[in-house]
1. Just a yes or no: is a residue in the stretch 78-87 free of Cβ contacts under 8 Å to residues at least 12 places away in the same chain, outside any helix (DSSP H, G or I) and within 24 Å of Glu11 (Cα to Cα)?
2. Of everything in the stretch 1-34, what is under 22 Å from Leu94 (Cβ atoms), in contact with a helix residue (DSSP H, G or I) (Cβ under 7 Å, 6 or more places away or on another chain) and either without any contact (Cβ under 8 Å) to a residue 60 or more places away in the chain or exposed (fewer than 10 other Cβ atoms within 10 Å of the Cβ) (or both)? Give them in sequence order.
3. Lys91 fails exactly one of the following numbered conditions: (1) loosely packed, with under 14 Cβ neighbours inside 10 Å; (2) free of Cβ contacts under 8 Å to residues at least 12 places away in the same chain. What is the number of that condition?
4. Is at least one residue of the stretch 95-104 out of contact with any Phe, Trp or Tyr (no Cβ under 7 Å at 6 or more places or on another chain) and surrounded by 14 or more Cβ atoms within 10 Å (Cβ to Cβ)?
5. Filter the stretch 35-88 for residues that are among the acidic types (Asp, Glu) and open to solvent by 80 Å² or more (accessible area, probe 1.4 Å) and give the result.
Amino acid sequence: MDQNNLDKIIERSLEIRKKYHQLEVQQNGNEWTLEQDALAYLTDAGLVGRNVMSHEKTWSKQNSATELEHKLGENIWWLIVLADRTGIDIKEALNKFLTKTENLF
């Protein structure tokens, strides 16, 4: 995988989300709403916190290194999905954030 190609990462992320939507329809009769996607992201963000605590030895959890790696990737995936569903260009949003923050320093 060309890890430096954000366009390809975004494309792959959105294709995976389409497949999850198909699974949701099979299981529940409907695709998840934007709010459900946001709640799923927040849940995974919380799990990043727990796994970082385990990494720092302040929370006892087995296999946290593997799960932390997975959840960090999943959180980026969720952010791409949420940006797409809200009509925000994630690359532009990231660029604006970086530029604004760089200018603060």
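1. Looking through the stretch 78-87, at least one residue is free of Cβ contacts under 8 Å to residues at least 12 places away in the same chain, outside any helix (DSSP H, G or I) and within 24 Å of Glu11 (Cα to Cα).
2. Residues satisfying the conditions are Asp2, Leu34.
3. Lys91 satisfies every listed condition except (2).
4. So far as the stretch 95-104 goes, no, none of its residues is out of contact with any Phe, Trp or Tyr (no Cβ under 7 Å at 6 or more places or on another chain) and surrounded by 14 or more Cβ atoms within 10 Å (Cβ to Cβ).
5. Glu35, Glu56, Glu69, Asp84
The values are calculated or read from the model by the stated rules, or taken from the named source; none is laboratory data. Note that this is a predicted model, so its numbers are computed, not measured. Methodologically, a virtual Cβ is constructed for each residue, glycine included, from the backbone with ideal geometry; neighbour enumeration extends over all protein chains shown. Please note that ligands, DNA and RNA were not included when accessible areas were found on the heavy atoms of the full protein model with its side chains. Shrake-Rupley method; radii C 1.70, N 1.55, O 1.52, S 1.80 Å.
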